[in-house]
Amino acid sequence: MSAMLAAATLPDMVQSASAQAVNPGTNRLVQQNELQQLRNSLQRQQFQQQQQQYREQDRRIVPQPRPEVPVVRQACPIQIVGNQIVRVCR
């Protein structure tokens, strides 16, 4: 919305500043003030665009790497035979 407002007012300000530059009776302080307003408006617009880019970067979801979990095999499986526990190693 503010970008649209800046886009709408910027041409009017440029036209006004250029019209005053042609008129030799125009007060120099008024010209400097309007040029400073143009610079400020441009800087504000650039800053807002930069902030929007930063927000877009922040919204991107970075996938988390899967943790590496070591797989440990049991060397000898356990079997229950009757009421005894027997390890069967092969």
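Quick look at the values:
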| item | result |
| --- | --- |
| Pairwise label distance in nanometres, Ala75 with Gln49, each label 7 Å out on the Cα-Cβ vector | 6.8 nm |
| Residue-span extension gain [Val88 to Gln31] - 0.36 nm each, minus C-alpha spacing | 11.0 nm |
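No value in this document is a laboratory result; all are computed from the given coordinates. Note that the structure is a prediction, hence the values are computed from the model and not measured. Neighbour counts are summed over all protein chains in view; Cβ atoms, including those assigned to glycine, are modelled from backbone coordinates with ideal geometry.
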